[in-house]
Amino acid sequence: MLRPYRDILSRPGALAFSASGLLARLPMSMAGIGIVLLVEALYDSYALAGRVSAVYVLTQALCSPRLARLVDGHGQARVMRPAIAVASIGLVGLTVAAALHAPTPWLYATAIVAGATIGSFGAFVRARWNHLVRSPRELHSAYSLESAADELVFIVGPVLATTLAAGVTPTAALVVAVAGMLVGGYWFLGLRATEPPPNPPVVGAPRTRSVLRSGGMVVLAIVFVGMGTVFGATDVATVAFAEENGRPDLAGVVLAVFAAGSLISGLLYGARHWVMPLWKRFALGMVALGIGASLFVLVTSMTVLAVVMFVAGFAIAPTIINGNGLVQHFVARERITEGLTIVGTTLGVGVSAGASLAGLAIDASGSHGGFLVVVAGAGLMVVATAVSLRTLRAGTADLGTDVDAALTREDATG
């Protein structure tokens, strides 16, 4: 099973940029929850904590695609070296402001600075794989590896953040997230041999249009908002359900089980190469995830919830892998970072919306209300996928035929 991953990681520089990119992604799973834990502990307000975290997430969602466009045009190191320095200042500033119990505008201002400049290292790593490998088989394995890395971050990050905030100090979670971003980020950006070459804009050329002018990218954006809603609402509803059952200590464990199911499925999925068209695999994955998420409303105990989440988690990584794979069909190669970033940021928008909506529903009717938001998000992504099948199929028709043919030839030749 591990041979496809050994093969791609044996490429010169591949292991180094994948490992450093993993470390640089710590804020992806620690910053949002770290902000909530910090602000709630020091200001005694979940409402304020949620608003500050939402400002950070939404600012990142709005600014990351623009930052990715600069990266595509001018190079990863040139753009992101100063950007992550500014993002670190923003997160440290937020930590200091909270520790000093500064007026709330300072919390919002520093959250905006951090969110606007933090970028998406998951997209940067995938862009390097897209530059390094040419075989569809190897790119499939590479995207699968990085989806598994994302899930590993989401297994470790929330548990680490809550442990640090509760057992050390409320500021510790953000401090560790910043340290991971600085160490991993500058290590990653220093690996210039594997950096994709920039594609600077041509002077006098027409203004570059957004990748969201592509119908396929619009579909992916809407579907991933729905998927993010499922994830965000699941996080909050799980915490509420654990508290209602007198086991708040198990909330982080159950969420880690959810991510563990996704990690295992991602590795298994990437070890095999598929002939079924990518758009069809993406649609089937969405349906499977929608069915799994809908089962949350039936749980009656923490044990049952953990089992359901582990099984439902198996649909996550393969679907995200397929979604990232579809990006290369819908955008030009020189815009790949921007396209991949759109997928990640719309997922983040959905997470923020899902968490907020679930919080309101839980206040009104308990954890069951939060799980109903999960079902609503699942319905959104399944319906959006179903009504867009023609767009997905048309957008992948030419390249999809080439890719499937290439995989078939590779299977025939061993």
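The values are calculated or read from the model by the stated rules, or taken from the named source; none is laboratory data. Predicted model only: the values in this text are computed from it and were never measured. With ideal geometry, Cβ positions are generated from the backbone for all residues, glycine too; neighbour counts draw on all protein chains shown. All accessible areas refer to the heavy atoms of the entire protein, side chains included, with ligands and DNA or RNA removed. Shrake-Rupley method; radii C 1.70, N 1.55, O 1.52, S 1.80 Å.
A few notes on this one:
- Here Ala127, Ala109, Ala205 are screened, and the one residue that is among the small types (Gly, Ala, Ser), at pLDDT 85 or above and over 29 Å from Leu263 (Cβ atoms) is Ala109.
- Conditions (1) under 30 Å from Asp363 (Cβ atoms); (2) modelled with pLDDT of 90 or more; number of the one not met by Tyr46: (2)
Here's the yes/no breakdown for (1) within 14 Å of Val308 (Cα to Cα); (2) surrounded by 22 or more Cβ atoms within 10 Å (Cβ to Cβ); (3) in contact with a strand residue (DSSP E or B) (Cβ under 6 Å, 6 or more places away or on another chain):
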position: Phe258; (1), (2), (3): yes, yes, no
position: Leu268; (1), (2), (3): no, no, no
position: Ala271; (1), (2), (3): no, no, no
position: Val275; (1), (2), (3): no, no, no
position: Leu284; (1), (2), (3): no, no, no
position: Ala288; (1), (2), (3): yes, no, no
position: Ile291; (1), (2), (3): yes, no, no
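- Filter result for Arg81 (touching an Asp or Glu at 6+ places or on another chain (Cβ under 9 Å) and either assigned to a helix (DSSP H, G or I) or of a type in the set (A, V, I, L, M) (or both)): no
- Candidate set from the stretch 325-340 (those that are part of a helix (DSSP H, G or I) and out of contact with any Phe, Trp or Tyr (no Cβ under 9 Å at 6 or more places or on another chain)); member that is surrounded by the most Cβ atoms within 10 Å (Cβ to Cβ): Glu338
- In the stretch 15-27, residue nearest to Leu58 (Cα to Cα) [restricted to those that are touching a residue at least 60 places away in the same chain (Cβ under 8 Å), of a type outside the set (D, E, K, R) and touching a helix residue (DSSP H, G or I) at 6+ places or on another chain (Cβ under 6 Å)]: Pro27
- Of the residues making up the stretch 54-92, just one is closer than 17 Å to Val176 by Cα, open to solvent by 20 Å² or more (accessible area, probe 1.4 Å) and of a type outside the set (Val, Ile, Thr), namely Ala85.
- Considering the conditions (1) over 13 Å from the mean Cα position of the chain (by Cα); (2) crowded, with 20+ Cβ neighbours inside 10 Å; (3) not basic (Lys, Arg), Glu138 is excluded by exactly one of them, (2).
- Some residue of the stretch 316-324 being open to solvent by 10 Å² or more (accessible area, probe 1.4 Å) and at pLDDT 85 or above: yes
- Complete set of residues in the stretch 27-36 that are open to solvent by 30 Å² or more (accessible area, probe 1.4 Å), under 15 Å from the mean Cα position of the chain (by Cα) and at pLDDT below 80: Ile33
- Pick from the stretch 146-166, criterion more than 18 Å from Asn322 (Cα to Cα) and polar (S, T, N, Q), ranking: most open to solvent (accessible area, probe 1.4 Å): Thr163
- Filter pass, Val374 being open to solvent by 70 Å² or more (accessible area, probe 1.4 Å), at pLDDT 80 or above and under 25 Å from the mean Cα position of the chain (by Cα): no
- Candidate set from the stretch 293-305 (those that are assigned to a helix (DSSP H, G or I) and surrounded by fewer than 20 Cβ atoms within 10 Å (Cβ to Cβ)); member that is nearest to the chain's Cα centre (by Cα): Ser294
- Being hydroxyl-bearing (Ser, Thr, Tyr), modelled with pLDDT of 90 or more, within 18 Å of Arg66 (Cβ to Cβ) and crowded, with 18+ Cβ neighbours inside 10 Å is a property that does not hold for Thr95.
- Of all residues assigned to the stretch 37-52, none qualifies as being open to solvent by 30 Å² or more (accessible area, probe 1.4 Å), β-branched (Val, Ile, Thr), in contact (Cβ under 8 Å) with a residue 12 or more places away in the chain and part of a helix (DSSP H, G or I).
- Residue match in the stretch 197-212 (condition: within 20 Å of the chain's Cα centre (by Cα), surrounded by 16 or more Cβ atoms within 10 Å (Cβ to Cβ) and part of a helix (DSSP H, G or I)): yes
- Subset tally (residues that are open to solvent by less than 20 Å² (accessible area, probe 1.4 Å) and modelled with pLDDT under 80) for the stretch 233-256: 1
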